[in-house]
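What follows is one structure encoded as structure tokens, with my remarks underneath.
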Amino acid sequence: MNIRTPVPLATQSNPTVMETIMKPLSFARRGARWLVAAGIALAAMPLSPAAAQPLPEVVPELRLDRVIPHPGHDDVVPFFTKKGVQRNCDYVVYNLRFGARGNPEKFFDPAFANGLKTLRMDFRDQVAAGLTIVNVQASGDGTDAIGGPLPAATIGATANPNDTAGISDFRLSATDLDGVGAPNERYIDIRITALIDHAAFPAPAIVDNQGVVKLSAGPGSIEIPSHDPSKPDDGDFRTGEKTSIRIDVTDCEPPPPPPPGGDGPCFKVERGDVDCVPGGGAYIYNMPVGPEMAGRWVQLRTTTPGITIDPPLQLAPPGGGVLHWEIEGASPGDVVNLIVTGIETYAGPEEGVGLCCTQTVDIVIPPDLRCPPEKRPDIKVEKRAEVARCTYLGGCDFTIRVTNVGDGPYNGKIVLDEVTLPGNATIDSGPNAPWTCLPATSPMSCEHPATTLDPGESVDLKIGFKPGPGWEARFIRNCAEYDYTASGKPDVFGRTDNDKACATIPICKRGDPDCRPPVEKKVDLRITKDPRSVSCSADGVCSFLIRVYNNGTENYVGPLTVIDDYPTGAPTSSTFGPTPPWTCGPAGPGQFRCDHPGVALVPGASVPLSVVAIVPADYQSDMIRNCGEVRAILGETVLTNNRACATMRIPHPGRPRLTVAKTGDRQCETGRPCTFEITITNSGTAPFNGSVRIGDAIGVDGLGRLDGVAIASVEPPFGCSPEPATLPLSCVANISLGAGESRVHRVTVVIPDDGRLANLPRPAPAQNCVAVLPPDTPVRGLDLAGGTAVPGGLGGSPYACHRFLIDHEEKQQCSEGFVLNQAGRCVCPEGTTFRNGQCVQDSGTVTPVPPVKPQCRLLPGQIRTEDGRCICPRGTDLKNGKCVRPEQPPERQCTLLPGQIRTQDGSCICPRGTELKNGRCVKDVPPVRQCTLLPGQIRTQDGRCICPRGTELRNGRCVKDVPPVRQCTLLPGQIRTKEGRCICPRGTELIRGACRKAPTTQCPEGTSLVRGRCVPDRQDTVCRRGEVLVNGQCMTIERECPRGTVGQYPNCRPRQRPTLEIMPINPDVFRGLIPQRQQQPQRPNNNIIPQ
């Protein structure tokens, strides 16, 4: 967007890259929570003293109650910078940038984008006296009030003519419209060019000024001033520093005074040549100018109808040269009349612009100059369906591709008109950035920001639809058409038959065999953490690997944040890699934070992050546990897989470790000695010499800890001072044990028969528990005499228990009205006699027997008192129908294996859909249905039943493979044997192609039947040399010489072998030239070709 005043510029310089990034510390101090709408807030904005009022809550949670800047990761912070410089003797240039930067996810938050749309923004900037604005340019991520291009800039007067630039009623977009910004910021660049009044600056001077952006919503407004980043920052962006520039025109020479009057021309016009514009489509007139025109402006116009000249004005270069003018609308052979006007500027008391003179010249377009047509773009629209079918619930996804199929580049925005048929449909997914589509229901318009498409380049629009209410068609048809006018191209270019494309997707109804609901689209990240080895190195180096996966169904492009901590205690140091792109640092005690500026992960892809921790030699645990958590991204709802942990063992060379084991009598009697053995072992790798606290107690099931149990002896003594006399005991003793050494103490106690066990079953189950702990550990708090054995009872931990039984005398009781005599029998009281089932007084009166009260029913753990009540033993309470201890000892936390989670009751389990295998949670594999082994079969690892190699399944059993017998053809009368042979039945022969009975032949005496013929019996016949006996007859048979010989048998001689010289070439050549005998074994002396 440009606005210019009609003042010729002396020079045009390319804009420089604006320095807009403030110092990080300054940025952090100036940062204030800016916008919060569903997590957005507008805070600490400066209020105009006169007219500014607090902004109303036009969006949720929009407030102005924070004055002190409060930067944070989730903040979106405004910034407004301005820099200026004197470009030359005539102009100064100001570069301003207003925008917001912060968490990239906020810019993709619809609530945040809507919050920005509600804030009207107005910009104004008044330059210092002596400067006149001649040009204002604005670009970047800004729109007008309805989402269109930025409004046109204006140049107005405040104190002096043309001293104020302004842009009214614009918005800062949450979309990166120009496509050149960083993911975490959106901004608008404004460039102001001002003309210097030399008379106002006779000496070098410093001028200051400041731009202001006013934010308004309803009756409230706030103003943000610009800040010069080269000046100190006080930390409050409400008091931004003005921008200062130095203007010095003392070395600039003024132009010559106005030319004197006269009739002669002030310059000479020479006819130049005419050529084609590079690329074709127009002509170019190359006009020479002499040195007398140096520094003067030359204007060229034509009186020939239909002809246009571009540019209308050019500055002659120093020393003269050639000016190039583009002529459009002319044809070969045309005569073009040109009017050339010389213009010069002068300064001083009579500054102004004067006309030197005007001349005319006629040029002729050469008749034989044929320029190629201008290379022009051509937009082609293509549309395809991304799914084979969709449903009325949505999932009707299309892709529209816009391609420049012309031979020239396309520049500008792209607007497509989207229509769905035969009814209206709403957007179900998309559009992909930077496309925007409005409204959300078809028909709609989809726009791509201004871009350049070179020939062959294309951009894709991905969008999905959901059929609207009442849709009855079994298909959805979507069409897209390029809109010339909305794209800023009022003139049609290229072909028009390729500007529109359509695609159709069938819609299936519920119940159709091929109808499946659309794939649920989800945004989900998953993190895993694995140890690089089972244990850390001997010097305490522990390595882990984190992987963050895209567990969703769509690509994820954006930043990542991982929080890493150590639940078992912080290590000495923790390093991460690779850095870059990861940046990591402490985030709290034993906690670290790693940020990735931006990843691009397709579904299933991952990005790694390595962790190396170094633990000290005195690390408080034998294991180190490292956990990583990936912060949720926008739209993510499944957070159960955003955290993962891994554990490694820490070797402790030269470290002692005390463990205890306990054994003893399996059954004890009250009032009699009972012995237990306590074994204390140093299972570490270094000797132990120090103090420990030894605790020992006996607990009875249903009664609790048994106090006052006398200790008869401890052999050898523990070494406590004094030695304990009763259980439970807790004392401190010194122990010296070498690595692997043990010491055994025999403790003999006497369980008192004081009636405490009277109401318990006989024998009563009990346990004796012992602990060997650091001296400052309170043993009583461990409650070792609980109802169940403590883990580690086998000696693998510093505490252990031994279960045993206590036998005791049961107290005999009599029924109501009777008493127990010394012999232990129930009798009537003294002075009474037992008559008729009751005790009566000797006087004859009956002593009434009180009625027997019904007994209460004992609940689990209860005991019955002497008066018949059912109560819980001391130290227990009735809860949920049974006696329980009011304070149960805390259960030891189970160790989470890889992939496990902890339930509310403290159990370590694998998540649903997984199972524990080889010490880690893996996905459930459905059990393979066991097949039934048939005779001879074996079962494979995957559960299949197969026959061993070399056998096959036949008739329900595995038998050896039998090569298939080639079936013979049965001739008349033949039968087939089990082996598959075709034979004639017994008593018949195959005669003339059929089975017939063999003829009965009687041979004369002296002859025999041979093969159906009678031949003489000449068994004594002796044949001559060279004859053989065949069928009783001497016959001459010609024999051949053996292989490798020649001649007539028996005169055979060896064959002469030809000599062949082997050339050093590929032996395969000989194989192709020398005939090879088939099915003949090769002999060593016949190997012509080396193998």
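What follows is calculated from the coordinates using simple rules that are stated; it is not laboratory data. Because the structure is a prediction, the values reported are computed rather than measured. Methodologically, a virtual Cβ is constructed for each residue, glycine included, from the backbone with ideal geometry; neighbour enumeration extends over all protein chains shown.
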- Among P513, A503, V548, the residue whose Cα sits farthest towards the positive end of the charge dipole of the stretch 447-592 (+1 at Cβ of Lys and Arg, -1 at Cβ of Asp and Glu, taken about the Cα centre) is P513
- What list of ³J(HN,Hα) values in whole Hz, one per residue of the stretch 76-83 in order, does the Karplus curve 6.51 cos²θ - 1.76 cosθ + 1.60 (θ = phi - 60°) give from phi, with Gly and Pro shown as x? 10, 10, x, 9, 8, 10, 8, 10
- Item | Rounded to whole Hz, the Karplus (6.51, -1.76, 1.60) HN-Hα couplings of the stretch 147-163, x for glycine and proline | x, x, x, 4, x, 5, 6, 10, 10, x, 10, 10, 9, 9, x, 6, 10
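Sort the following peptides by mean Cβ neighbour count (other Cβ atoms within 10 Å, averaged over residues), highest first: 871-882, 720-731. Please list the in-between numbers first.
Values: 871-882: 13.3, 720-731: 15.1.
Highest mean packing first, the order is 720-731, 871-882.
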- Rounded to the nearest Å, the spacing of the alpha-carbon centers of the stretch 74-102 and the stretch 475-504 is 39 Å
- Given 581-592, 658-669, the highest-first ranking by average Cβ count within 10 Å works out to 658-669, 581-592
- Note on the structure: The distance between the Cα centres of the stretch 162-220 and the stretch 618-641, in whole Å, is 46 Å
- Non-local amide H neighbours of I245 (under 5 Å, H modeled in plane, Pro and chain starts lacking H): which ones? V207
- Item | Relative packing of peptides 414-420, 521-527, 741-747 - highest average C-beta neighbours within 10 Å first | 414-420, 521-527, 741-747
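Longer than 23 Å from Cα to Cα, which of K383/K466; K117/K413; K106/K521; K106/K466; K106/K489; K117/K489 are they? Say none if no pair is. The partial results should precede the final answer.
Details: K383/K466 17 Å; K117/K413 21 Å; K106/K521 21 Å; K106/K466 27 Å; K106/K489 34 Å; K117/K489 27 Å.
Checking Cα-Cα distances, K106/K466; K106/K489; K117/K489 exceed 23 Å.
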- Starting at the first residue of the stretch 117-129, write each ³J(HN,Hα) from the Karplus equation 6.51 cos²θ - 1.76 cosθ + 1.60 with θ = phi - 60°, in whole Hz, x for Gly and Pro. 5, 7, 9, 6, 10, 10, 10, 8, 8, 9, 7, 6, 4
